[in-house]
């Protein structure tokens, strides 16, 4: 094959430059291909927002409301209890029935199924330690009380204090481990205290479930240290999706911070009628349940005498806009935790992005009427969720970005913690 | 130079006597209504998204105005038309100061601090915007 003779001369280095610039200019319109090797011209504001989503993992800290948080013996006991079906009324359902390790600690179902089908989707337990509120409605303010909740729920494990306490008292291995953790055998008559101990051990175990680093984290850290060579390894489609995520999509206003959630609640225009009848009022009922709970951070079982972690519970406001609000979930490992939303209403990530892109503002009603005595002029309308009208290609970019929040170890089979028998 | 000095002096003279005796609050932001001068600062000084913080404030009546009966503190995001998910509790502490606990700005963007000072059967409102990133 011969060379084509050009009517003019271009020096090699200049030719490379021209080709490079042309490719770079064409890149943003280059379809679904996602070659690495380019870095979008992120503005300072975009970079600042991107950097807010790390670093990862966050520093580990123990929970002051749980005196056995971080205790290795408690973690082992918590793991045993987590996979223990005898905690349930029928002896058939454990925490792991819904929180399956190989499914990123979810179950892949639309609605959770314990002893019967529940009203909500199973959320992942990964990074649960970083949360302020627990459950879709935030009806618990700490991980140990959240761990007690499904034990007592008739449709989940259907148990009671007596059954839980009896198992821990009567099983030699569990009783021995309980003593190692709490310094005394399970109380002979105080079932409630034994059950709270079970909750605290379960929490200690779940605090260890932290997702690993992701391609996004590598990109974010490369931007932070100005490492262009490392940054350009991040797929171009993901960069385009990230730009929508932190920009016109407004996604990062709620999915903010290293865990990709600000930890609060929002209405999302998802149907709230329950299969079993009635309406799921979400956060509104969640706050009422939180306040009524003996196991909240203002109650007698908080191990921090100063009640310092209880600030949110002391000050949380019950407002009309809480109706139909649900917790903004973490997006880490989100590609592994389908289906989505509080009731599993949306099957795929593309469905979720399309839902927000085409959102019908008339579906956002009561929850976005803002009532505040100090703000009497507030207009009763939502100005945050607006239809974006993304193209299919743009939706695919956002999905490509969300996929890069996946930890490569996320769904790997896990081995039980090694521990000698307790005697 | 003389002009600047004159300007500073005239502002000082213009302040009613009671407001001049306001206790100092280092690094505070100063706001004014018809009847009150309010200085506030946050703890920590740099606010973080979705983290609780405290507000320390001092309220002084201008000359001849009634002492404040109470103070309320709130936050609002005008661009999103929503406020905080938490209610601040304001307590009077020593030296004419107040301490507001339990505030949280849960989203990045512009937030307006709203201060309401009640006194003499009326309420004065002062606002100040901050940008959270």
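For an R0 of 51 angstrom, estimate the FRET efficiency from the Cβ-Cβ distance between residue A:166 and residue B:130 and round to the nearest 0.05. If you can, show how the numbers build up before the last one.
Values: r = 55 Å, r/R0 = 1.07.
Calculated value: 0.40.
How far is helix A:172-182 tilted off the main Cα axis of chain A, in degrees rounded to 10, range 0 to 90?
70
Roughly how compact is the stretch B:2-132, stated as its Cα Rg over 2.2 N^0.38 Å to two decimals?
Expressed relative to 2.2 N^0.38 Å, the Cα Rg reads 1.12.
What are the radius of gyration and Dmax of the stretch A:72-206, computed over its Cα atoms and given in Å?
Rg, Dmax (Cα atoms, Å): 14.0, 42.
Report the paramagnetic label zone for residue A:92: residues of the stretch A:148-176 whose backbone N is under 20 Å from a point 7 Å from Cα along the Cα-to-Cβ axis.
A:150-160, A:163-164, by backbone N distance to the label point.
As I understand it, the value is the acute angle between the Cα axis of helix A:191-206 and the longest principal axis of the Cα atoms of chain A; what does it come to in degrees, rounded to 10?
Orientation of helix A:191-206: about 20 degrees from the principal axis.
Could you check the simple spin-label distance between residue A:233 and residue A:153, using points 7 Å along Cα→Cβ, in nm with one decimal?
Taking the two extended label points, one gets 4.1 nm.
Against the longest alpha carbon principal axis of chain A, how many degrees, from 0 to 90 and to the nearest 10, is the axis of helix A:12-26 turned?
50
With an 8 Å Cα cut-off and a minimum separation of 6 or more residues, compute the relative contact order for the stretch B:2-132 in percent.
23
I'd like the mean, over residues of B:74-84, of how many other protein chain beta carbons sit within 10 Å of each residue's own Cβ.
Partner-chain Cβ atoms within 10 Å, mean over residues of B:74-84: 6.
Let me understand chain A better: what is its radius of gyration from the alpha carbons, and its Dmax, in angstrom?
Every Cα atom of chain A included, Rg and Dmax give 24.9, 97 Å.
Could you grab the relative contact order for the stretch A:72-206? Cα pairs under 8 Å, six or more apart, rounded to a whole percent.
On the way: 232 pairs, mean separation 40.7, N = 135.
Once normalised by length, the contact order is 30 percent.
Based on DSSP H runs of at least 4 residues, each adding -39500 (n - 2.57), what is the mean residue ellipticity at 222 nm of chain A after dividing by all its residues, to the nearest 500 deg cm²/dmol?
-10000 deg cm²/dmol
Report the relative contact order of chain A, percent, no decimals, based on alpha-carbon pairs under 8 angstrom and at least 6 residues apart. Display every interim value, and only then the final one.
On the way: 743 pairs, mean separation 94.6, N = 423.
Computed value for chain A: 22 percent relative contact order.
None of the figures in this text is laboratory data; all of them are computed from the coordinates on show. For clarity, every value in this text was computed on a predicted model and none was experimentally measured. FYI the Cβ positions are ideal-geometry reconstructions off the backbone, even for glycines, and counts take in every protein chain you see.
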